[in-house]
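Take a look at the structure below.
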Amino acid sequence: MSNHRANSILASFASEIAPHARILDIGAGKGWLAQAMARQLVARVTMVDVASYNQSDLPLTICDSRALAFADDSFDFAVLSFVLHHTPKPETILREALRVARAAIVIENDVRGVARQWLTRAIDSYPALRYGTPPCYIAQPRAKWMQFFAQFPVEARVLSEFRLERGFFRNFTVVLRPQTADYRPQNIAAVSGQLSAVEI
């Protein structure tokens, strides 16, 4: 991820973040987005990923994002930038993100058409060969992602739509917030069985 790409992604949700917010960047990659958040938003950013290819000035923790070593509500936001499509069970990672943060910001591809879905999966799986990260498992349109988010007891609000890589990748950014004040992420365990019924 270049600085230009990171700035484009950050612009899609920056208005949601207050200065000095505590942010967990899940699947931080090279760290450019985390660094942009730290500098432009004066945020306190923690980076985690399954592999180390960090090129930023911020420290990176290697961990399994399906079982994060943080207490409930440790962060104001969890940011998942093009992360959920790199796991066959995105509900597990999203559930953990909603446990450790008060809200989640998800940036995903809006992939329309079978041919583009296959091409997107091929292109997006290349880093898996280079960095040892998971391949792209899911390439689907925004409507399917919104159907997936609807399985959780959260309000999903689309913040932005934007394109990357000279317009080839259509993307969207959504913020997920608990629907009730007494929401606890473990409450969604009861609906986890329903998630398998969602076509992803």
Hey, can you tell me all the residues within segment 50-78 that are closer than 25 Å to residue 149 by Cβ and touching a residue at least 60 places away in the same chain (Cβ under 8 Å)? 50, 72, 77
Filtered residue count, segment 62-77, keeping only those that are exposed (fewer than 15 other Cβ atoms within 10 Å of the Cβ) and either more than 24 Å from residue 42 (Cβ to Cβ) or polar (S, T, N, Q) (or both): 7
Do you know which of the residues in segment 84-132 that are β-branched (Val, Ile, Thr) and within 30 Å of residue 178 (Cα to Cα) is farthest from the chain's Cα centre (by Cα)? 111
With respect to residue 156, is the statement that it is in contact with a Lys or Arg (Cβ under 9 Å, 6 or more places away or on another chain), part of a loop (DSSP other than H, G, I, E, B) and either modelled with pLDDT of 85 or more or not β-branched (Val, Ile, Thr) (or both) true? no
Does segment 161-169 contain at least one residue that is more than 20 Å from residue 5 (Cβ to Cβ) and surrounded by 14 or more Cβ atoms within 10 Å (Cβ to Cβ)? no
Take segment 31-40 and flag every residue that is in contact (Cβ under 8 Å) with a residue 24 or more places away in the chain and buried (at least 19 other Cβ atoms within 10 Å of the Cβ). 31, 32, 33, 34, 35, 36, 37
Of all residues being in a helix (DSSP H, G or I), surrounded by fewer than 16 Cβ atoms within 10 Å (Cβ to Cβ) and aliphatic (A, V, I, L, M) in segment 170-200, which is modelled with the highest pLDDT? Just the residue, please. 189
When both residues are 6+ apart or on different chains and their Cβ atoms are under 7 Å apart, which pairs have a first residue that lies in segment 1-20 and is under 28 Å from residue 130 (Cα atoms), and a second that is assigned to a loop (DSSP other than H, G, I, E, B)? 1/29; 1/30
The residue from 25, 72, 49 that alone is farther than 21 Å from residue 166 by Cα, in contact with a Cys (Cβ under 9 Å, 6 or more places away or on another chain) and modelled with pLDDT of 95 or more is 49
Residue 44: of a type outside the set (S, T, N, Q) and over 19 Å from residue 135 (Cβ atoms), yes or no? yes
Here is a list: 8, 56. Which entry is assigned to a helix (DSSP H, G or I), out of contact with any Asp or Glu (no Cβ under 8 Å at 6 or more places or on another chain) and either within 22 Å of residue 169 (Cα to Cα) or modelled with pLDDT of 95 or more (or both)? 8
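The values are calculated or read from the model by the stated rules, or taken from the named source; none is laboratory data. Given the structure is predicted, the values throughout are model-derived calculations rather than measurements. A quick note on method: Cβ atoms are made from the backbone with ideal geometry, for glycine too, and the neighbour counts reach across all protein chains shown.
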